[in-house]
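The values are calculated or read from the model by the stated rules, or taken from the named source; none is laboratory data. Every value quoted in this text rests on a predicted model; they were computed, and no experiment measured them. Here the Cβ positions follow ideal geometry from the backbone for every residue, glycine too, while neighbour counts run over all protein chains shown. When the accessible area is computed, the model is the full protein with side chains, heavy atoms only, and any ligands, DNA or RNA have been set aside. Shrake-Rupley method; radii C 1.70, N 1.55, O 1.52, S 1.80 Å.
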Amino acid sequence: MTSVPSPPVELVEVCKRYGSQQALDDVSFSAPAGSVTALIGPNGSGKTTALRVLLGLERADRGVARVCGARYADLTTPVHRVGALLSAGWVHPKRTARDHLRWIAAASLLPDERVERALDTVGLVDVADQRVGGFSLGMRQRLGIATTILGDPEVLVYDEPLNGLDQDGVEWVRRFFLEQAARGRTVLVSSHLLTEVEHTASHVVVLGRGGVIFQGEAARLTASTEPAVEVELASEQTVPGFVAALEAGGRHPEVVVGGRIRVPGADLSEIAQAAHACGASVRSVQEHGSLASAYAELTVGQGRFSGRDQESRS
């Protein structure tokens with residue numbers, strides 16, 4: 001009988017308590033090979049704690065976390081198996097990007113050629129000899145990502161890597177994740193930026209109050225909500241004309257209350273065209289049936305503020 005290989009990332013019934021707070025409560029999930037798996041949830045839901053347990057930085061009270069089939073502490077050559085970035089802010093500001101990577105490579109018994117390859121992958125060759133203290137947040141994030149690929153690992157783990165990045169930086173990180181998954185690597189990333197997760201993640205794990213409230217393919221999560229756009233107009237007087245314009249385009253809008261209209265099956269371009277046709281001013285637009293809306297429905301009331309090291313426990 002052929003045994004089924006373990007997934008590259010796996011948590012099984014993991015529990016972790018800090019004082020009176022149950023940070024993780026029987027958390028079980030996995031991340032398949034060749035995928036981008038998003039770990040999402042409100043502040044205090046246990047995302048960072050789960051990653052820290054996975055990487056051996058926290059000891060679980062019960063349960064087991066495995067990466068590449070073993071506990072992180074039991075990996076014989078972890079630099080070749082796992083690359084992780086939990087914070088991009090710890091680099092010495094007076095060290096150059098190249099020197100920073102060189103000392104990490106030396107400590108990991110890796111050749112200098114890995115440094116040059118990593119600098120090229122993240123697009124920092126031209127600034128490799130500049131001091132990190134003058135880097136923007138986006139450049140620091142790229143340098144942090146470069147450290148994760150020095151050992152050519154099978155698994156990549158990132159905690160909130162999109163925080164504070166401009167749109168160019170977000171798009172670059174998004175492409176990087178997809179490229180790594182296409183190479184067969186497993187990418188596990190925690191994030192609050194759900195619109196970007198929607199563009200990259202093939203699988204989703206949703207945490208709430210320390211427990212798993214959904215895990216599976218991203219398409220399964222979005223399939224649970226009816227696609228629709230809800231529009232609020234600036235003036236109720238323009239509602240009849242706006243509704244008529246949508247009906248002329250084959251839609252069947254529903255007036256919810258006041259100046260708000262729900263339009264099943266519509267996309268944003270149709271809303272813009274209808275508003276332009278009748279001269280209506282749109283105050284707000286909310287999409288339903290997206291990952292963000294499905295996530296919002298799942299996590300109502302699931303946020304938790306610990307009051308103790310909140311950022312590190314998110």
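Give the number of residues within the range 241-271 that are among the aliphatic types (A, V, I, L, M) and more than 17 Å from residue 227 (Cα to Cα). Spell out how you get there, then give the answer.
Quick first cut of the range 241-271, residues among the aliphatic types (A, V, I, L, M) only: 243-246, 248, 255-257, 261, 263, 266, 268, 271.
Now narrow it down to the ones that are more than 17 Å from residue 227 (Cα to Cα): 243-245, 248, 257.
Selection size over the range 241-271: 5.
The rows are residues; the columns are (1) open to solvent by 30 Å² or more (accessible area, probe 1.4 Å); (2) over 16 Å from the mean Cα position of the chain (by Cα); (3) under 26 Å from residue 177 (Cβ atoms); (4) of a type in the set (Lys, Arg).
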residue	(1), (2), (3), (4)
7	yes, yes, yes, no
57	yes, yes, yes, no
68	no, yes, yes, no
102	yes, yes, yes, yes
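Give the range 75-91 a look and list any residue that's of a type outside the set (S, T, N, Q) and touching a strand residue (DSSP E or B) at 6+ places or on another chain (Cβ under 9 Å), or say none.
Our first condition is that a residue be of a type outside the set (S, T, N, Q); within the range 75-91, this holds for 75, 78-86, 88-91.
Passing the criteria: 75, 78, 81, 82, 83, 84, 85, 86.
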Test each condition in (1) free of Cβ contacts under 8 Å to residues at least 60 places away in the same chain; (2) closer than 30 Å to residue 179 by Cβ; (3) within 23 Å of the chain's Cα centre (by Cα) for residue 15 and report the one that comes out false. (2)
Helices (runs of 4 or more DSSP H) fully within the range 29-124 counting 2 or more residues that are of a type outside the set (Val, Ile, Thr), closer than 24 Å to residue 214 by Cβ and out of contact with any Phe, Trp or Tyr (no Cβ under 7 Å at 6 or more places or on another chain): 47-54
Of the listed residues (164, 184), the one being assigned to a loop (DSSP other than H, G, I, E, B) and either at pLDDT below 85 or crowded, with 21+ Cβ neighbours inside 10 Å (or both) is 164
Taking the options 63, 46, 34, name whichever one is more than 17 Å from residue 189 (Cα to Cα) and not β-branched (Val, Ile, Thr). 63
Conditions (1) of a type in the set (Lys, Arg); (2) within 28 Å of residue 220 (Cβ to Cβ); (3) assigned to a loop (DSSP other than H, G, I, E, B): number failed by residue 16: (3)
Is it fair to say residue 268 is modelled with pLDDT of 80 or more, open to solvent by 40 Å² or more (accessible area, probe 1.4 Å) and either closer than 25 Å to residue 47 by Cβ or not small (Gly, Ala, Ser) (or both)? yes
How many residues does the range 133-152 contain that are part of a loop (DSSP other than H, G, I, E, B) and either surrounded by 18 or more Cβ atoms within 10 Å (Cβ to Cβ) or among the aliphatic types (A, V, I, L, M) (or both)? 4
In the set 191, 202, the lone residue that is polar (S, T, N, Q) and buried (at least 19 other Cβ atoms within 10 Å of the Cβ) is 191
Of the conditions (1) in contact (Cβ under 8 Å) with a residue 12 or more places away in the chain; (2) exposed (fewer than 14 other Cβ atoms within 10 Å of the Cβ); (3) under 33 Å from the mean Cα position of the chain (by Cα), the single one that residue 261 does not satisfy is (2)
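Within the range 205-251, can you find the residues that are open to solvent by 70 Å² or more (accessible area, probe 1.4 Å), of a type in the set (D, E, K, R) and touching a residue at least 40 places away in the same chain (Cβ under 8 Å)? Explain how you work it out, then say what you get.
Step one: filter the range 205-251 for residues open to solvent by 70 Å² or more (accessible area, probe 1.4 Å), giving 209, 215, 217, 220, 223-224, 226-227, 236-237, 240, 247-248.
Right, trim to of a type in the set (D, E, K, R) and you get 209, 217, 220, 226, 236, 247.
Matches in the range 205-251: 209, 226.
Would you say residue 87 is open to solvent by 50 Å² or more (accessible area, probe 1.4 Å), modelled with pLDDT under 95 and among the polar types (S, T, N, Q)? Steps first, answer last, please.
On the way: open to solvent by 50 Å² or more (accessible area, probe 1.4 Å): yes; modelled with pLDDT under 95: yes; among the polar types (S, T, N, Q): yes.
Answer is yes for this residue.
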